[in-house]
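Visitor: I'd like to ask some things about the structure below.
Coordinate-derived values only; no laboratory data. All figures in this text were calculated on a predicted structure; none of them were measured in a lab. Note that we place each Cβ from the backbone using ideal geometry, even for glycine, and neighbour counts take in every protein chain shown.
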Amino acid sequence: MQRTIVLSRQQLRQGYSRIGGLLAPRRLATASLQLQRYLATVEELFPNKPDFASRHIGPRKTDVVTMLNSIGFKSLDELSEKAVPDAIKFKRILNIEDPLNEHELIERIQRISDQNEIWRSYIGMGYHNCLVPHPILRNVFENPGWTTQYTPYQPEISQGRLESLLNFQTLVTDLTGLEIANASLLDEGTAAAEAMSLCFRHNKRPQGGSYRASST
């Protein structure tokens, strides 16, 4: 139940006003009103749309209605009923959960990932835990452009890996002053095998030579 506050003449002279049924200085009331107008403007310009599909799938509701009218259907369900033959229709109700919006799905994934335990790696062969600077982690390895459905073909993750290697090579040339720097696509042991196969292909002799590897 909202309280009604009646201001006395003395309170009005002192510059008091009402904010949501509470007594407060008039300056605070004016600032609160300006903040409400600002938030309303932000909400109008940037509406909250937690539904992933509405932000990423092209046709809007008006577009869908226009397309359906042009082909003589009233709804997408009616179009599906007409287009899909009865022989291949799935009659049973799918036993699946209700759909989640994007924020709910991210929260669920976060709860599941929080159950992971990061242990010490004993794989060796160059595969070990390392500290990746946050700008590189966020802008290269976690760049959604390499993993989303917007990439045109499969090797999107390889593209991100190639970009990180190019950045590494550029950094090495800047630090050392060398004209050329190179980085393998793979790590230590697999990189050595890659170098060995490169030498083997480059060798024109009918019989392959021997290879030696140093631990230093």
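Visitor: So if each residue of separation counts as 0.36 nm, and I subtract the Cα-Cα distance between Ile112 and Asn203, what length gain in nm does that give?
Guide: 27.6 nm
Visitor: Give the lysines reachable from Lys61 as a straight Cα distance under 20 Å; neighbours fewer than 8 places away on the same chain don't count.
Guide: Once the sequence-local lysines are set aside, what remains near Lys61 is Lys49, Lys74.
Visitor: Oh, and also: Residue-wise, which Karplus ³J(HN,Hα) couplings in Hz belong to the stretch 162-178, taking 6.51 cos²θ - 1.76 cosθ + 1.60, θ = phi - 60°, and x for glycine or proline?
Guide: Once θ is set to phi - 60°, the couplings for the stretch 162-178 become 5, 5, 5, 5, 5, 4, 5, 4, 5, 5, 5, 5, 5, 6, 9, x, 6 Hz.
Visitor: With θ set to phi - 60° and the Karplus curve 6.51 cos²θ - 1.76 cosθ + 1.60, what are the ³J(HN,Hα) couplings of the stretch 67-77 in order, to the nearest whole Hz, using x for Gly and Pro?
Guide: 5, 5, 5, 5, 10, x, 10, 9, 8, 5, 5
Visitor: For Arg60 and Leu105, FRET efficiency with R0 = 30 Å and r from the beta-carbon atoms, rounded to 0.05?
Guide: Efficiency computed from Cβ-Cβ geometry: 0.85.
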